[in-house]
Structure formats: C-alpha cells, structure tokens
1. Across the range 52-157, what fraction of all alpha-carbon pairs, as a whole percent, falls in each successive 10 Å bin from zero upward?
2. Placing +1 at every Lys and Arg Cβ and -1 at every Asp and Glu Cβ, with all other atoms neutral, what dipole size does the range 52-157 have around its Cα centre, in debye to the nearest 20?
3. Please list the non-local residues whose amide H lies under 5 Å from the amide H of GLY74, H modeled 1.01 Å from N, same-chain partners needing a gap of 5 or more.
4. Using each residue's phi in the range 70-87, evaluate 6.51 cos²θ - 1.76 cosθ + 1.60 at θ = phi - 60° and report the 3J(HN,Hα) Karplus result to the nearest Hz, with x for Gly and Pro.
5. For the residues LEU65, LEU158, what sequence is obtained by ranking on other C-beta atoms within 10 Å, fewest first?
6. Would you mind computing, in nm to one decimal, how far apart the modelled labels at ASN48 and ALA181 are, each placed 7 Å from Cα along Cα→Cβ?
7. Which order do ILE156, ILE83 fall in if you start with the one that has the fewest other Cβ atoms within 10 Å?
Amino acid sequence: MDAATVIALGLSGASTAAASWALVYGHVQARSSVTAIAQADKAQREQNEPQVVVDIRPRHPTSPLLVLTVENIGPTVARDVGITFDPPLRSTNPEREETLARVVGRTIPSLPPKRCLMYMVDVSHTFFNAGLPTAYTATVNCTGPFGPVEQARYVIDLAVLAESVFASESVEARLGKVVDAIEEAAKTQSAQAAALKGIEKLMHDRWNRVAPELPPQQEEPPTV
C-alpha cells in the first residue's frame, strides 16, 4: 500500500469519526432542547395552576378558637377540590366533629383565587387538654385549567401552636379584665344614680311635709 492510499484511508476515517461525533452532538442538543421546552411548559403550567392550602390555625392571632382553613392561593379557579385527613380530624364537641367530617368528605365544586373557607374546630385550651391527636396529614386533590393538579400533602402539627395559642389567651384574659372593670364601673354608676334618686325622693317627701307651713309663693320643691 503506497503512501497516497494510506493518507486517503486516514482522511476517510477522520471524516467518518467527525460525522459520528457531529451526529451524537446533534442528538444531545435535540434532547436538551426537548427537555428545556418540557421544563418551560411545566413551569408555565405550575404558575397558572390553582394551589389549595389546608391548615388549622387560630381564627386570628389573639383568638383561642382553632379553625380549619381551605384557601386557594393560586391564580386560577380550583375545581372538584377533595380533602382527606389522616387521622380523621377530631374535636371535643361531637356535633362539631360530625360537621368537620361532612366538610372534609364533601367535594368543593369550585374555589376561586384568594377564596378562603373557614370552619370551627375547637377552643384551643379545651382541645389541647382533651388528649386528642395533634398531628394530622391533609391530602388535597383538585383540577385546574390544564387538568388534574399534582396532589398536595400538608403535615399539620398542632402541638407547635399550643404554646403560642396559650400565650395569646393571656392577651384575651387581660382584655377580659378590662371588660370586667368596665362592667363594674357601670354597676357603680347605676348604684350612684339609684342613690341620687333616693335622695331626691327623700327631699320631696320632706317638702310635702313642710309645704303647708310655707308662704304661698314657694310652691315648687327644690331639686337635687
């Protein structure tokens, strides 16, 4: 084999290898493009899907009432919202517990963006002193504009709330003392008003006794 043939074969092999590498590179680029498009599509869907959040919390920061909240914080309407609790949600009030079971077992047809549904669970100190379960897992299924939304799970540990809720009760206790003081002041005012009426009646009675002995021009009794 002469030198020209060897060179030709070498060039041919190099061209074949380069072509193979180009094919592999093109395949990798195509796969990367498909992956990027899929990720962008998924991100766009997630940004436009409803997001239903389930929680159990105080009705407001200083309230002793525990409430179940179901809120859509996403930008679109959530449809066919289904919620399950494990273990089943408990309350010290049997009737309220039955109501919660109906609420959780019922599918919510639609939940618009920023809409929050609120249901009474219990009074905090009663609940925490009753030995009921304090850890729950809430599972949420719903449908958005692109079809079924990915299932969401929320772990709710009410033991974390116990101290903060009891701390807020001290605020309400102080407010209760203020209310008691106002009521006591109202009672004192009522007693004073009754005493003034008694004095006025006593003076009228005395006037009625002495009036016949006074000159005719003094016909009106004095007032208090």
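1. Going from the shortest bin to the longest, the percentages are 15, 47, 29, 8, 0.
2. It works out to roughly 260 debye.
3. Amide H neighbours of GLY74, under 5 Å, 5+ apart: GLN51, LYS114.
4. Computed from phi, the couplings for the range 70-87 are 10, 10, 9, 9, x, x, 10, 6, 8, 10, 6, 7, x, 10, 10, 10, 10, x Hz.
5. Details: LEU65 16, LEU158 20.
Going from least to most buried by this count: LEU65, LEU158.
6. 5.8
7. Sorted ascending by nearby Cβ count, the order is ILE156, ILE83.
No value in this document is a laboratory result; all are computed from the given coordinates. Model, not experiment: these values are computed from the prediction. Quick reminder, even Gly has a Cβ in these numbers, built from the backbone with ideal geometry, and neighbours come from all protein chains shown.
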